[in-house]
Amino acid sequence: MPEFETRKADWVPFRDALRHVLASASPLPSRPIPLNQAAGLALAETIRSPLTLPPGPTSHMDGYAVRGSDLSAERSSGDRGDSKGEGPRLRVIGRSLPGRPWGDPLEADTAIRIMTGAPLPEGGDTVVPVEHTDREAGEAGWVRVELRGEGGRPRIEVGQHVRGPGEEMKEGDVLGRPGDTLGFGLLALLAAAGETRVSAHPAPRVALLVTGDELVPPGDRAGLEGGIRRADILSPSLPLLLAQAGAAPLTPVRVRDDMEALLDALAAASAESDLVITTGGASMGEADLVKRALEALGSEPIFWRIRMRPGSPVSLSRLPRSAGGGMVPVLGLPGNPVSAIVTCLTLALPAIRAMGGHRARLLRRIRATARDSFSGPEHLTRFFRVTLSPEEDGGLGARSAGPQGSGAIQSIANADGLAVLPEGAPSPERGAPVDVLLLPSSSWTEAP
């Protein structure tokens, strides 16, 4: 006689399920990590600048460092300029390069060549771009400044093209806080401050177990003939999502619908990972063995089934590690590829962000205008795959990315985001606002 699942489902609201998932995903212990290995990780400390940058005024341009007072009294003849707008003729006494500054003070009626980023000498307070001079085309060692351009408009202002002390950072400034993600900008800032190591949370190791006797490896077209079996879509796709969230995904493992095979795979996964994700075997059928295998290994169930569409057969439990002690969270996702991907985006990715110590844990939410009908049962939180396109008012329109059935994988391939309708919210009319969660890959555009 077939053995069906008999335990009662929780049917927790999506908001509660997300709260349970985040509560089970404590940040991993931090450790010192070299800056050149910390990309994408989250800081575990507050970092303050140990110095002031730049320590003194530096040039924003290639040109000549001068005293502003030498430019302020344009005259009509001699070395001080003429009525055509030419400025003073200054004696060039040296040069200042990044890393090789000019060491002497700048006296009246003199200038030094200066490159972008080089320190200004004492007495210098203005940089004249090289294109606003005669480039020393006259007498050797002298430069003529062109104070005015077309229409007599001033070209030079006292103090221009100078980067003041502390413009980048001042000693004691906060450069990073716990939970900040070490993206390229923050890494650049910390490198500028001379940091070589930071205290950060490591990337969570995530084990992915893809279950189902019906699955064939990607590329096995012969195995797909007749439509009896289907391709393993999740092994090549979910690890990319996990990595985009900051995880260190382990090699996916396909597992047969066999209790012994599941027990072995779960035990191995619990020993080497910080989070276990399973797909398939999560519903009520006689081949849905994942919950039974977890129970046999002594897991502590937290919930099973969520009031959401697609993706209701989701479970969360805590499994004793087979080695090393402690517990590892196990997030059971549906086997249907669309449902698995949607629940991975909305539940697994926030868990990974939380375990990695990131403050920003959820997909970015924007407001768009519904340009298609998005309907469904109001007692569920509903997620619709949508494409986004610019509108005349500068906003974005949300349109269906394709058929919304749970087997329509093409709608995932086309989607820019997930339009989300919370439990109890009515379906929006066309032209009404709708919230959209942006997919991790949707930040690129073809538009110039």
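The values are calculated or read from the model by the stated rules, or taken from the named source; none is laboratory data. Everything numeric in this text was worked out from a predicted model, so none of it was measured. Ideal geometry is used to build each Cβ from the backbone, glycine not excepted, and the neighbour counts take in all protein chains shown. Keep in mind that these areas ignore ligands, DNA and RNA; they rest on the heavy atoms of the full protein, side chains included. Shrake-Rupley method; radii C 1.70, N 1.55, O 1.52, S 1.80 Å.
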Notebook entry, point to check: What's the FRET efficiency of LEU97 with VAL174 using the Cβ-Cβ distance as r and R₀ = 35 Å, to the nearest 0.05?
Noted result: 0.60
Checklist line | Karplus-derived HN-Hα couplings along segment 32-38 (A = 6.51, B = -1.76, C = 1.60, θ = phi - 60°), whole Hz, x at Gly and Pro | finding: x, 9, x, 4, 6, 10, 9
Check: How much accessible area per residue does the chain have, in Å², with a 1.4 Å probe?
Finding: 49
Checklist line | Sequence-distant residues sharing a close amide H with LEU175 (under 5 Å, placed H) | finding: ILE47, ARG48, SER49
Check: What value does segment 109-252 have for Rg/Rh, both radii from Cα atoms and Rh as Kirkwood defines it?
Finding: 1.35
Note to self: If Rh is defined by the Kirkwood formula over all Cα pairs and Rg also comes from Cα, what ratio Rg/Rh do you get for the chain?
What the structure shows: 1.19
Next item on the list: Starting from the amide H of ALA370, placed 1.01 Å from N in the peptide plane, find each other amide H under 5 Å away whose residue is 5 or more places distant or on another chain.
Entry: ALA398, GLY431, ALA432, VAL434
Item checked: DSSP beta bridge pairing in segment 143-257, given as percent antiparallel to the nearest 5 -> 10
Check: Of the beta bridges DSSP finds with both residues in the chain, what % are antiparallel, to the nearest 5?
Finding: 65
Next item on the list: Order these peptides, 418-424, 259-265, by their mean beta-carbon neighbour count within 10 angstrom, highest first.
Entry: 418-424, 259-265
Check: Okay, helix-only estimate at 222 nm for the chain: each DSSP H run of n ≥ 4 adds -39500 (n - 2.57), divide by all residues, round to 500 deg cm²/dmol; what do you get?
Finding: -4500 deg cm²/dmol
Check: Across segment 395-407, in residue order, what do the Karplus-derived ³J(HN,Hα) couplings come to in whole Hz, using 6.51 cos²θ - 1.76 cosθ + 1.60 with θ = phi - 60° and x for Gly and Pro?
Finding: x, 10, x, 10, 10, 4, 7, x, x, 9, x, 6, x
Check: If you add up the charges near SER443, with Lys and Arg at +1 and Asp and Glu at -1, over every other residue whose beta carbon is less than 12 angstrom from its beta carbon, what do you get?
Finding: 0
Notebook entry, point to check: For the chain, what % of the accessible area comes from carbon and sulfur atoms, probe 1.4 Å?
Noted result: 51
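Relative contact order, percent, of the chain when contacts are C-alpha pairs under 8 Å separated by at least 6 residues?
In percent, rounded to a whole number, it is 16.
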Check: How much accessible surface area, in Å² rounded to 10, belongs to the heavy atoms of THR116 with a 1.4 Å probe?
Finding: 70
Checklist line | Simple Cβ-charge dipole of segment 57-212, Lys/Arg +1 and Asp/Glu -1, about Cα centre, in debye nearest 20 | finding: 420
Checklist line | Separation of alpha-carbon centers, segment 396-411 and segment 37-72, rounded to whole Å | finding: 48
Next item on the list: Take each of the peptides 396-407, 332-343, 99-110, average the number of other beta-carbon atoms within 10 Å over its residues, and list them starting from the highest.
Entry: 332-343, 396-407, 99-110
